[in-house]
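Everything on this sheet refers to the single structure shown next.
Only the coordinates and a few stated rules stand behind these numbers; no lab work does. Note that the structure is predicted; figures quoted are calculated from it, not measured. Positions of Cβ are backbone-derived with ideal geometry, glycine not excepted, and every protein chain shown enters the neighbour counts.
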Amino acid sequence: MQLGHGQVSGPATSDASPSTFTQFLNLPRELRDMVYAMAMEHAPRIAVVRRRQRRANTQAPQTPFLPPICFANRQTFSEAAPVFVRTRHFTIVGNSSSIRAIMRLLRRVPDGYGFQSIRSISLTSVSRFGQQHGSRGLMLSFPSELISQCSGLRRLILELPVSEFINIVDQPWGDPCTFVRRSLKAVKKQLRVDALFESKGLETLHLRFVGGGIEAETLGCNVKDLFKDFLKWFKREWRDKMEGAELRVRYLTWDQSTFGSSPVPVKML
């Protein structure tokens, strides 16, 4: 399909291909959005954002993230990119670099429609949700920076690894390591999830605690016991500040987590 404004350049001919349509951008916006959605039917429904790996002295190949129709011209990008973002679930693997990658994509969409259109996000292996300054005075990108701008976000999956809830105690060489549970105050300070309660448009949060089998066995407790103090506090805050929003809780092994297994071919930004 050829996209364009107005008349076809050059004289009209009777043997022109009947599949060529040059008035696409003159159609009503609702019809154009339907065409964009149809053109994206074969794109994965889950878009995985992962830090691009580079080897020394090599340039990592650029892999297109958006469907080709988005790049026909500036207008189709501004119209088709929000359709893609709105109809996909974004799984963000990693920390600051992955957050920056998805934010770069959303910022490219004019008038803030990228951030307004995104509906569903997974954040895997989150070690810190809220912002803080890096050790060298540089502002790192944290999930809260992304989530606070996604005004259309309705569904969020947050995976919290067991490593944020326990400390490993050093032992003499050869002795098995031991674990100590972190206090609720220490966990809250590390994760900084308070910013999550400002997401007023959120309809459903899937809170997933990942790992803990070995730690629980070593400590002689149930896996759920490793997270129970934090979960009790979180549920209370959620109930008080997120009225009407649903909270779903699951406990996963590492193999079950998004971080442990990618459900679709990885797309790079």
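Quick one: if you stick a label point 7 Å off each Cα along the C-beta vector at Val169 and Gln149, how many nm between them?
Roughly 4.4 nm, to one decimal.
Where does the Debye-calculated log10 I(q)/I(0) of region 147-213 sit at q = 0.12 Å⁻¹, using only Cα point scatterers of equal weight, no solvent?
Per q value, in the given order, log10 I(q)/I(0) is -0.46.
Arrange Val109, Val169 by Cβ neighbour counts within 10 Å, fewest through most, would you?
Fewest-to-most Cβ neighbours within 10 Å comes out as Val169, Val109.
Give me, ordered by chain and number, the residues 5 or more places off Ser122 or on other chains with an amide H under 5 Å from its own placed amide H.
Placed amide hydrogens put Phe90, Thr91, Ile92, Ile157 under 5 Å from Ser122.
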